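So the structure is just underneath, and the comments pick up after that.
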Amino acid sequence: VNCTHRGLSRLPAGLPDDTGILLLGSNRFSSLSTDAFLPLAQLQDLDLSRNSLLVLRTGAPLPALRELILSHNLLQELPTLRGLPALTCLALAHNLLAALPPGAFRSVPRLQDLDLRGNQLQTLPQKAFEGLGALKYLDLSDNLLAELPAELLQDLRKLETFWLSGNRLRSLPSGFFPEGHIFMYVFLTENPWHCDCHLRYLRLWIRHN
């Protein structure tokens, strides 16, 4: 069901109960609760991009939801993501997120694609991505990251593509990339890498990978 560019600030009435894909992008939502989608038991893909969302309240179970697009909103805090056990794709690009709590994504262990680019993240807790053993794609590009904890990627056993471009990183801590892990792609451009002894680990990792 395509409801983009409708000037909506509330969920429209009369949506078919068997709706599987719901496009609500480019509207005027400022706050929303997943309670509103409870009648849509078969909802798998939900696009709420390009609204003015300040708050998304979660908790009401949406057991079939696999893709949630929240990019280009005004979110300053990460939703709790409760009640979304099947979620595999979460897009939060271009919001106002400045921090993530430890274990922020623990309630969505099936997540495979996480897009956090274009936020205001300056640093991350060591356990920010704890429990995301199925994650394949992680985009942290175009944030304000100046340093990262050494253990950040340790739980991400299936990570294939990792974006770190466009941050403020001058070096990476020794052992940052899990030993023996093979990535398909790692993007590190547009950081102010400082060529001194602190960069030795990254230089050696690139040479051997």
- Once the other residues with Cβ under 11 Å from the Cβ of PHE176 are scored (Lys, Arg +1; Asp, Glu -1), what is the net sum? -3
- By counting other Cβ atoms within 10 Å of each Cβ, how are PHE183, PHE29 ranked from fewest to most? PHE183, PHE29
- Computed on Cα atoms only, the convex hull of the stretch 128-209 has an orientation-averaged projected area in nm² of 4.9
- Query: Which whole-Hz ³J(HN,Hα) couplings does the stretch 97-107 yield from phi under the Karplus relation 6.51 cos²θ - 1.76 cosθ + 1.60, θ = phi - 60°, glycine and proline marked x?
  - Reply: 5, 9, 7, 10, x, x, x, 4, 10, 4, 7
- Query: Top mean-square fluctuation among GLY175, GLY131, GLY25, Gaussian network model of the chain, C-alpha springs under 10 Å?
  - Reply: GLY175
- Query: Going toward the positive end of the dipole of the chain, with +1 on Lys and Arg Cβ and -1 on Asp and Glu Cβ, which of SER31, PRO173, LEU87 do you reach last?
  - Reply: PRO173
- Summed residue charge, Cβ within 11 Å of ASN27's Cβ, Lys/Arg positive, Asp/Glu negative: +3
- Task: Please name which of GLY103, GLY131, LEU53 has its Cα lying farthest along the dipole of the stretch 25-154 towards the positive end, using unit charges on Cβ (Lys, Arg +1; Asp, Glu -1) and the Cα centre as origin.
- Result: LEU53
- Item | Nonlocal amide H pairs with PHE29, under 5 Å, H built at 1.01 Å | SER52
- Nonlocal amide H pairs with ALA86, under 5 Å, H built at 1.01 Å: LEU65
- Expressed as a whole-number percentage, the relative contact order of the stretch 128-209 with C-alpha contacts under 8 angstrom and at least six residues apart is 29
- Using only alpha carbon pairs under 8 Å that are at least six residues apart, calculate the relative contact order of the chain and give it in whole percent. 11
- Treat every Asp and Glu Cβ in the chain as -1 and every Lys and Arg Cβ as +1, leave all other atoms uncharged, and give the resulting dipole magnitude about the Cα centre to the nearest 20 debye. 180
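Every number here is computed from the coordinates shown, using simple stated rules; none is lab data. As the structure is a prediction and not an experimental result, all values here were calculated from the model. Positions of Cβ are generated from backbone atoms using ideal geometry, with glycine treated the same way; all protein chains shown enter the neighbour counts.
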